[in-house]
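What follows is calculated from the coordinates using simple rules that are stated; it is not laboratory data. In this text the structure is predicted, and so the values were computed from the model without any measurement. All Cβ positions, even for glycine, are placed from backbone atoms using ideal geometry, and neighbour counts span all protein chains on display.
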Amino acid sequence: LPLLLAGIMLVAEGNAQVILVVLNIVMQIFVVLMLDKILIRNNIDEKVRLLVALIITFYPHIVSNVRIIYTETSSLFLIVLSILLYTWQKYPASGFIGYLSYTFRPSLFLVLPFIIIYDFFRKKKSPALKTTIGFITGLLLFTSLEWSGVIAPSGNQYYNILVAVSGYGYNLDFELRNFTETEIKQPVKTYFNFIVNHPVEYAKQRILSLWCLWGPVVQPKNSGVVGMILHGLRFPVFILAVFAFLFRKKMEYNKNFILLMSFPIISVTLIHFFTFSSQRHQFTAEPFAIVLSVLFLDYLIKSRKKSKKI
């Protein structure tokens with residue numbers, strides 16, 4: 001993202017913010033189009049695809065992020081592109097773009113490893129190896145850029161694990177005022193020491209982190225009543241997506257496709273469960289949760305119709 005921002009500011013310094021917002025809009029449009037291509041590839045009914053497209057297009061949290069210059073929209077665009085390339089069997093490109101999405105949003109790091117491991121599990125060695133090559137190529141490229149000083153290594157992950165054990169829910173100490181200098185310099189050790197010394201507190205923190213990520217209630221002071229209701233839509237969407245994952249073998253859709261749509265949700269949820277969550281951290285997983293929730297509702301409707309005929 002810093003390279004992207006630097007490039008835009010270099011080309012159009014005075015209009016950089018406007019260009020970035022327009023770029024956000026374009027990327028979100030392409031997200032909808034690419035997800036539709038993925039659904040077509042997996043033989044999803046046209047009515048279902050249209051409903052998915054409409055929900056994602058007008059989903060409050062997604063719409064509200066258009067005007068915000070964060071990494072959410074760009075990382076979502078990249079991970080959807082990566083999965084689309086995977087469905088098109090462009091495995092090296094999928095792996096490379098998948099790693100690129102991680103550089104924008106670290107919580108997506110597990111998506112491609114999940115895909116690779118699952119392909120090995122299914123004995124699809126060729127796709128797994130080709131995806132791995134693309135992923136490692138991205139890793140080596142960005143490592144070389146860090147070594148050459150073109151980009152700075154991110155210290156975010158170490159900061160995040162300290163924030164994770166600094167408080168509860170939305171009440172976190174982002175300035176790390178309660179940590180000693182030694183604890184800040186040894187974040188991993190500090191994190192695991194906290195688990196050992198305060199297991200009950202740690203368990204409460206993780207449950208509240210999950211609540212902040214997908215729960216029905218968000219931080220009132222930042223959202224207002226309407227904002228709380230609109231943000232709260234993530235809860236039923238997430239629950240329906242979980243049911244789709246659990247019932248993937250009974251649903252008429254390809255279970256491998258259901259798993260593929262689940263991997264971004266699992267990656268984001270796991271990483272933020274062990275770190276911390278805010279109102280925007282589920283953004284890159286929400287479109288995938290919407291896809292799964294619509295598919296599960298379609299499955300329920302069709303099952304009900306079949307039972308009535310019997």
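Observations on the structure shown:
- Distance (nanometres) between label positions extended 7 Å along Cα→Cβ at I301 and N171: 4.4 nm
- Relative frequency of Cα-Cα separations exceeding 27 Å in the chain, percent: 48 percent
- Counting every other Cβ atom within 10 Å of each residue's Cβ, K250, K204 order from fewest to most as K250, K204.
- Sorted by Cβ density within 10 Å, fewest first, the residues K249, K130, K37: K249, K37, K130
- Using the Cβ-Cβ distance between V22 and E46 with R0 = 30 Å, the FRET efficiency computed as 1/(1 + (r/R0)^6) comes to roughly 0.50.
- Between the amide H of Y168 and any residue lying 5 or more places away or on another chain, no distance stays under 5 Å, with hydrogens modeled in the peptide plane.
- Extension gain from L210 to W147, taking 0.36 nm per residue of separation minus the Cα-Cα distance: 19.1 nm
- Each pair of Cα atoms in the range 161-215 enters the Kirkwood radius, and Stokes-Einstein at 20 °C and 1.002 mPa s then converts it into a translational diffusion coefficient of 187 µm²/s.
- Integer Hz, Karplus 6.51/-1.76/1.60 couplings in order for the range 24-37, x for Gly and Pro: 4, 4, 4, 5, 5, 4, 5, 4, 4, 5, 5, 4, 4, 4
- Using bins of 5 Å that start at zero, the share of Cα-Cα pairs per bin across the range 50-202 amounts to 2, 8, 12, 14, 14, 14, 15, 12, 6, 2, 0, in whole %.
- Residue exposure sequence - E183, E72, E201, E252 - by fewest surrounding Cβ within 10 Å: E252, E201, E183, E72
- Spacing of the modelled spin labels on T180 and F235, each 7 Å from Cα toward Cβ, amounts to 4.1 nm.
- Shape class of the range 39-139 from the Cα gyration tensor (axes a ≥ b ≥ c, square roots of the eigenvalues): oblate, since a/c reaches 1.5 or more and a/b does not exceed b/c.
- Taking the convex hull of Cα positions in the range 176-310, its mean projected area over all directions (nm²): 11.4 nm²
- Kirkwood Rh, angstrom, the range 101-167 [1 / mean 1/r, Cα pairs]: 13.9 Å
- Computed per residue of the chain from DSSP H runs no shorter than four, each worth -39500 (n - 2.57), the mean residue ellipticity at 222 nm is -24000 deg cm²/dmol.
- Counting only residues at least eight positions apart within a chain, or on another chain, the lysines with an alpha carbon under 25 Å from that of K305 are K47, K249, K250, K255.
- Normalised contact order of the chain, rounded percent, pairs of Cα under 8 Å and 6 or more residues apart: 18 percent
- Its residues counted as N, the range 264-308 yields a C-alpha radius of gyration over 2.2 N^0.38 Å of 1.59.
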